[in-house]
Amino acid sequence: MAAKKAKKTAAKKAAATRSKPRRQAQTAPLPSLDPLLASREMILVAGSGGVGKTTVAAALGLAAVQRQPGRVLVLTVDPARRLATALGIESFGNTPHRIPTEAFEEAGVTIRGELHVAMLDTKAGWDELIRRHAPDAATREAVLENPLYENITGRFVHSHDYLAMEQLHDLHATGEYDLVIVDTPPSRNALTILDAPRRMADFFGSRLLRWLTVPYRSRLFTFASKPFYQVADRVLGSRFLQDIADFFVLFQKMESGFIKRAKEVEALLVDPRTAFVVVSTLETAPAHEARFLAESLEERKMAVGAIVANRVLPADLASTEASAAARDLGERTGSDGVSDVADAVATVTGDDAATVDRVLHQMATRFDDLAMVAAREADRRKELAALATTTVSVPWLHGDIHDLNGLASLACYLRGVPDGADSKQ
């Protein structure tokens, strides 16, 4: 009797076990940039041209204010004004501009913080620089009123880069923003922006500056140099070289301020609170540039916080299952008649079934080319992933990103929550 009861109880347990739904295997969480955005005060976004760097910088700013309260600023030093378009504002400049809360509400995007944007204005930046470093009011006014001031500063090699570093330092020093995200110039030029403070400091000790600051009227002409200055006087006017000398004599008075600031900026770039995000597609040239950039940053002891692989094909396109499905589709389409597959698709899309059949057949027969590209991208992604602790892949999104909705979708992938791309939360 007891044996029968035990057997019956065991059968009930087995039936109950079979009736319970199987627990789904948990998948590993997707890489997310949320921890990086929460732990750093300064993030510089770098990469080659055409990889979506400016858009990723804007999306990082949006991702930050979605996740955390506080004030976030996106500063672009790229002359292109794509950022303004993506954020839904007509234009902006050196003064930070806050994206109104109403704009996010209209787009259905929930945020917790404030998002500000600014673009470097070279002229305004130089004016502010002179006002800050001039030892006295007389020197300041003399420089700003010098007839060659605007022309010379506008033509300083990499002056845009140096001003970006100056503004970066100022924004960080004020403590007004919890996070500053900087969109740097394209690719190897991103290294010039990092070297700008040192180049400015070196300039003050250069032979060129010493030569320029010798007063023109007291310069001792050698037999060889006298013809040059005589021609310069006739062509440019006797005051031209004097104006240059006067300008750089005044400029040299600000040497201590420039050098001190240059050292502070260099220290900020290697500070643990600063990190770089390298953006690249997985095409050959951009991926090579991204590797070069990441390795160069490591050599300079600057932290590579993450790599963003943009416009990536799904890795499973290179699987044997995908190839088998493509072969099957190719065999079922492209014949004289219309396949049942094409009929089913045409019913949904409302297109001509024969046209759909031809499109499906072409896609199937050329699938191997796409699979090969996906396989190459997977290899390049592994190579780049070895250069940073976090690597995020962003797939091809529908259309160009030109508004807050598009940025919100991109931000979801950067945060590792692509399933929330539709809700924008």
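Rule-based calculations on the coordinates, nothing more; no lab input. Just so it is clear, the model here is predicted, and its values are computed rather than measured. Positions of Cβ are generated from backbone atoms using ideal geometry, with glycine treated the same way; all protein chains shown enter the neighbour counts.
Listed values, structure above:
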{"item": "Contour excess over end-to-end distance, with Cα ends at Lys382 and Asn405 and 0.36 nm allotted per residue", "result": "5.3 nm"}
{"item": "Val359 paired with Ser323, simple spin-label distance in nm, labels 7 Å along Cα-to-beta-carbon", "result": "2.7 nm"}
{"item": "Vicinal HN-Hα couplings computed from phi for segment 363-378 (Karplus, 6.51 cos²θ - 1.76 cosθ + 1.60; Hz; Gly/Pro x)", "result": "4, 5, 6, 9, 5, 4, 5, 5, 5, 5, 5, 4, 5, 4, 4, 4"}
{"item": "Cα-based radius of gyration of segment 317-371 once divided by 2.2 N^0.38 Å, which approximates compact folds", "result": "1.12"}
{"item": "Karplus-derived 3J(HN,Hα), 6.51/-1.76/1.60, for each residue of segment 285-292, Hz, glycine and proline x", "result": "5, x, 5, 5, 5, 5, 5, 4"}
{"item": "Segment 264-373, dipole about Cα centre (Lys/Arg Cβ +1, Asp/Glu Cβ -1), debye to the nearest 20", "result": "300 debye"}
{"item": "Exposure proxy ranking, count of Cβ atoms within 10 Å, fewest first, for Trp396, Trp126", "result": "Trp396, Trp126"}
{"item": "Glu331 paired with Met372, simple spin-label distance in nm, labels 7 Å along Cα-to-beta-carbon", "result": "2.3 nm"}
{"item": "Ranked list, fewest to most other Cβ atoms within 10 Å of each Cβ, for Val249, Val56", "result": "Val249, Val56"}
{"item": "Positive dipole terminus of segment 317-371, leading residue within Ala318, Val338, Ala364 (C-beta point charges)", "result": "Ala318"}
{"item": "Cβ-based exposure ranking for Thr55, Thr284, Thr122, in which fewest neighbours within 10 Å come first", "result": "Thr284, Thr122, Thr55"}
